[in-house]
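Notes follow the structure.
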Amino acid sequence: MRVAVIGSGGREHALLWKIRQSPLCTELIAVPGNPGMFDVLDRCETDMSVNDLVDTIRRNRIDFVIVGPEQPLADGLSDELDRLGILCFGPIQAAARLESSKVFAKQLMRSYGVPTAEFEVFTDFESVQNHISAHPRPNGRVVKADGLAAGKGAFVCGSDAEAMDVARRLLVDKELGTAGTRIVIEELLSGREASLHFFCDGERYVALPPAQDYKRAFDGDKGANTGGMGTFCPAAHVPSKTIREVERQVVEPVLNALRAMGTPYRGLLYVGIMLTETGPQVIEFNCRFGDPETQVMLPCLGYDALEPMLECAKGTLSPSKYAQTTSRCAVCVVLCAEGYPATYRKYVPLVPVESQADQLLFSAGTAMLNGSWVSSGGRVLNAVGLGDTMEIARNNAYKLADRAVVEGLRMRRDIALSEVL
Ligand code: AMP
Ligand code: GLY
């Protein structure tokens, strides 16, 4: 079977690494991947528009397409491949609205009683002013742009004045363009967060081991929100009882609702949860694998990940086949460019390093420039360590990160630290 992985970051490198191990896969192409994926032999440069992606997929006679990022799904790539009879792991456009429209996701959760923060939807600033004046919340609230905003659309505001200011920037100044034409203002929740991933075939689902992401730029959860500075898996603060609760209260009603609408959800459903005093609450949905969660979850799977993905695409998932995960632990440390997530250094010269046993170095944002390997993005490299305990996994990850780091890159030093103290 000829398989293509769409996307170019560390998540896609991890997917390529895992899928390459499957006996079902005879050819594997990264579309477009990045030049630092030294172990990936076949890469195909392309633009990320649906038309160009479909052209590339047809030209390469791909049998099965796995979509990494959300944008092509929100743009209808899966729908187009369905029409052409090409199997695709990733939901159709209407189902991908769980991520591409916060308003859609929140209203669906409200209709089906899925636990999530209380919220209101606004399209004009005057209504926001009236609402906030009538319902003061001195402890703060969260303002979110409706549309896709590359992880920059959620604002945790510590006061009503700050919430008002953010709402004005989105609705009046249009700082996020059309993504902020509608906004959601929601209740501020508190508790520990976790990332839960589910393979879904429209009706049935399989939970992957829980992971935790570190979103803030600096140690001790200080600094700006980023795309993710590190992860570990499994997350011990999410026991199987909590996963069951999320399955019953979130995954089942959401899959049933989308099926009833005639737009079944086939692909990876990412449920970002907060463990509050009253139980797990949904913070967000994503319609694709988390980055950098994928880099730690896939090495912890005890089965061939290509099989359940294919079954999801066909609508024939057999959950009992995928019950077992390994007892392994994984930690991922993100090496990012100095300055990230604000303006960051580009073209930092990198040095190739050999991974040792239980170490994986994934290339997230790297390029070749005049024959030299350099950074090209904010998140540059992902150092993953594996082990039978979290402590061993963490040591392996940091040993690798220390060998790969160069002047111009930085990392958090406290990824998974709470798990080994
Ligand atoms: P999102 O883009 O919706 O995942 O939000 C980004 C981050 O903002 C989350 O990972 C949380 O840390 C925080 N956040 C989002 N919604 C809430 C909420 N209702 N209460 C508290 N924190 C939130
Ligand atoms: N790491 C968070 C995300 O992928 O959305």
Failed condition for Glu118, given (1) free of Cβ contacts under 8 Å to residues at least 40 places away in the same chain; (2) surrounded by fewer than 19 Cβ atoms within 10 Å (Cβ to Cβ), with all others met? (1)
Among (1) surrounded by 15 or more Cβ atoms within 10 Å (Cβ to Cβ); (2) in contact with a strand residue (DSSP E or B) (Cβ under 9 Å, 6 or more places away or on another chain), where does Asp219 come up short? (2)
Can you report the number of residues in the stretch 361-378 which are under 13 Å from Gly36 (Cα atoms) and touching a Phe, Trp or Tyr at 6+ places or on another chain (Cβ under 7 Å)? 4
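Answer yes or no as to whether Val251 is modelled with pLDDT of 95 or more, aliphatic (A, V, I, L, M) and closer than 18 Å to Val296 by Cα.
Working: modelled with pLDDT of 95 or more: yes; aliphatic (A, V, I, L, M): yes; closer than 18 Å to Val296 by Cα: no.
Against the criterion (modelled with pLDDT of 95 or more, aliphatic (A, V, I, L, M) and closer than 18 Å to Val296 by Cα), Val251 does not qualify.
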Segments classed as strands (runs of 3 or more DSSP E), wholly inside the stretch 335-421, with at least 3 members that are open to solvent by less than 70 Å² (accessible area, probe 1.4 Å): 359-363, 372-375, 379-387
Within the stretch 186-214, can you find the residues that are open to solvent by less than 10 Å² (accessible area, probe 1.4 Å) and at positive phi? Gly202
For Ser240, are the conditions met, namely being within 14 Å of ligand 1 (Cβ to nearest atom) and hydroxyl-bearing (Ser, Thr, Tyr)? no
Working only within the stretch 270-317, note down all residues that are within 22 Å of Ala95 (Cβ to Cβ), part of a loop (DSSP other than H, G, I, E, B), open to solvent by 10 Å² or more (accessible area, probe 1.4 Å) and more than 10 Å from ligand 2 (Cβ to nearest atom). Gly315, Thr316
Return the pair list, or none, for Cβ contacts closer than 7 Å from residues in the stretch 83-95 that are farther than 18 Å from Leu16 by Cβ and open to solvent by less than 30 Å² (accessible area, probe 1.4 Å) to residues that are in a loop (DSSP other than H, G, I, E, B) and of a type in the set (A, V, I, L, M), at least 6 apart or on different chains. Ile86/Ile62
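Rundown of residues vs (1) more than 10 Å from ligand 1 (Cβ to nearest atom); (2) at pLDDT 95 or above; (3) outside any strand (DSSP E or B); (4) surrounded by fewer than 16 Cβ atoms within 10 Å (Cβ to Cβ), yes/no style:
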site: Ser127; (1), (2), (3), (4): yes, yes, yes, yes
site: Ser133; (1), (2), (3), (4): yes, no, yes, yes
site: Pro136; (1), (2), (3), (4): yes, no, yes, yes
site: Val142; (1), (2), (3), (4): no, yes, no, no
site: Gly147; (1), (2), (3), (4): yes, yes, yes, no
site: Ala167; (1), (2), (3), (4): yes, yes, yes, no
site: Glu175; (1), (2), (3), (4): yes, no, yes, yes
site: Val184; (1), (2), (3), (4): no, yes, no, no
In the stretch 240-269, the residues that are out of contact with any Ser or Thr (no Cβ under 8 Å at 6 or more places or on another chain), among the hydrophobic types (A, V, I, L, M, F, W, C) and not in a loop (DSSP other than H, G, I, E, B): Ile243, Val246, Val250, Val251, Val254, Leu255, Leu258, Ala260, Leu268, Leu269
Just one of Glu45, Glu27, Glu70, Glu12 is charged (D, E, K, R) and surrounded by 24 or more Cβ atoms within 10 Å (Cβ to Cβ); which is it? Glu12
Scan Ala179, Ala163 and give me the residue that is surrounded by 19 or more Cβ atoms within 10 Å (Cβ to Cβ) and under 21 Å from the mean Cα position of the chain (by Cα). Ala179
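The values are calculated or read from the model by the stated rules, or taken from the named source; none is laboratory data. Keep in mind it's a predicted model, so treat the numbers as computed, not measured. As a convention, Cβ positions derive from the backbone with ideal geometry for all residues, glycine included, and neighbour counts pool all protein chains shown. In case anyone asks, the SASA skips ligands and DNA or RNA and just uses the protein heavy atoms, side chains included. Shrake-Rupley method; radii C 1.70, N 1.55, O 1.52, S 1.80 Å.
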